[in-house]
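J.: Here it is, the structure in full.
The values are calculated or read from the model by the stated rules, or taken from the named source; none is laboratory data. None of the values given here were measured: they were computed from a predicted structure. With ideal geometry, Cβ positions are generated from the backbone for all residues, glycine too; neighbour counts draw on all protein chains shown. Side chains are part of the model used for accessible areas, which takes the heavy atoms of the whole protein and leaves out ligands, DNA and RNA. Shrake-Rupley method; radii C 1.70, N 1.55, O 1.52, S 1.80 Å.
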Amino acid sequence: MKNKIVDSHCHLNFDDFKNDLDEIISHARKNDVEYMLSISVDFENFENIHKISKRYKNVWCSTGVHPNNVPKDFKKDEINLLRKQLEQNLSKKKVIGIGETGLDFFRGLANKNNQIEYFKN
């Protein structure tokens, strides 16, 4: 039996792929990549990611906000809006999880408190 591969973290919506996405998906499949999970880094680009997942049988997607994309002016009273957006996106076909999410202090600590609040809630 030949092993199949799952690419559990790709960003098929990035500009680098917009002109040859069909070729990239085909090449992946020819190299035994059975499934691909395209990860959301913000809500603004989610619809495009979701559209890509619906277009390809072997592509799924997530919804979320990368820690470095957490708004610097984020306020706690916006938590309900965040939850509502996540729930709405999660109810769509081919959306299988929340991600990106978490804490990322590699680029600095300037937005540390907002990242923690965003992730906790």
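J.: Leu37 - would you say it is hydrophobic (A, V, I, L, M, F, W, C) and open to solvent by 20 Å² or more (accessible area, probe 1.4 Å)?
T.: It is true that Leu37 is hydrophobic (A, V, I, L, M, F, W, C) and open to solvent by 20 Å² or more (accessible area, probe 1.4 Å).
J.: Sticking with this structure for a sec: Scan (1) surrounded by fewer than 15 Cβ atoms within 10 Å (Cβ to Cβ); (2) within 14 Å of Val95 (Cα to Cα) for the single condition Asn3 breaks and write down its number.
T.: Among (1) surrounded by fewer than 15 Cβ atoms within 10 Å (Cβ to Cβ); (2) within 14 Å of Val95 (Cα to Cα), the lone unmet condition for Asn3 is (2).
J.: When you scan the stretch 63-104, how many residues do you find that are open to solvent by less than 50 Å² (accessible area, probe 1.4 Å), modelled with pLDDT of 85 or more, part of a loop (DSSP other than H, G, I, E, B) and hydrophobic (A, V, I, L, M, F, W, C)?
T.: Qualifying residue count, the stretch 63-104: 1.
J.: Within the stretch 26-77, can you find the residues that are touching a Cys at 6+ places or on another chain (Cβ under 7 Å) and among the hydroxyl-bearing types (Ser, Thr, Tyr)?
T.: Ser38, Ser40, Ser53
J.: How about the stretch 105-121: which of its residues are under 18 Å from Leu81 (Cα atoms) and open to solvent by less than 90 Å² (accessible area, probe 1.4 Å)?
T.: Asn114, Gln115, Ile116, Glu117, Tyr118, Asn121 - these are the residues of the stretch 105-121 that are under 18 Å from Leu81 (Cα atoms) and open to solvent by less than 90 Å² (accessible area, probe 1.4 Å).
J.: Further, regarding this structure: How many residues are aromatic (Phe, Trp, Tyr) and in a loop (DSSP other than H, G, I, E, B) if we restrict to the stretch 1-31?
T.: 1
J.: Among the residues of the stretch 75-121, which ones are of a type in the set (A, V, I, L, M, F, W, C) and under 29 Å from Ile52 (Cα atoms)?
T.: Ile79, Leu81, Leu82, Leu86, Leu90, Val95, Ile96, Ile98, Leu103, Phe119
J.: Cβ contacts < 6 Å: first residue touching a residue at least 12 places away in the same chain (Cβ under 8 Å), restricted to the stretch 102-120; second residue in a helix (DSSP H, G or I) and open to solvent by less than 40 Å² (accessible area, probe 1.4 Å), any location; separation 6+ or different chain. Result?
T.: Matching pairs, first to second residue: Gly102/Pro67; Leu103/Pro67; Leu103/Gln115; Asp104/Pro67; Gln115/Pro67.
J.: Within the stretch 38-55, which residues are β-branched (Val, Ile, Thr) and in a loop (DSSP other than H, G, I, E, B)?
T.: Ile39, Val41
J.: With respect to Tyr35, is the statement that it is in contact with a helix residue (DSSP H, G or I) (Cβ under 7 Å, 6 or more places away or on another chain) and closer than 20 Å to Ile5 by Cα true?
T.: Criteria not met by Tyr35.
J.: Another one. Which of the residues spanning the stretch 10-35 are more than 15 Å from Ile98 (Cα to Cα) and in contact (Cβ under 8 Å) with a residue 12 or more places away in the chain?
T.: The answer is Leu12, Asn13, Leu21, Ile24, Ile25, Ala28, Arg29, Asn31, Asp32, Val33, Glu34, Tyr35.
J.: Only one of Asn45, Asn13 is surrounded by 12 or more Cβ atoms within 10 Å (Cβ to Cβ), in contact with a strand residue (DSSP E or B) (Cβ under 9 Å, 6 or more places away or on another chain) and not basic (Lys, Arg). Can you tell me which?
T.: Exactly one residue qualifies, and that residue is Asn13.
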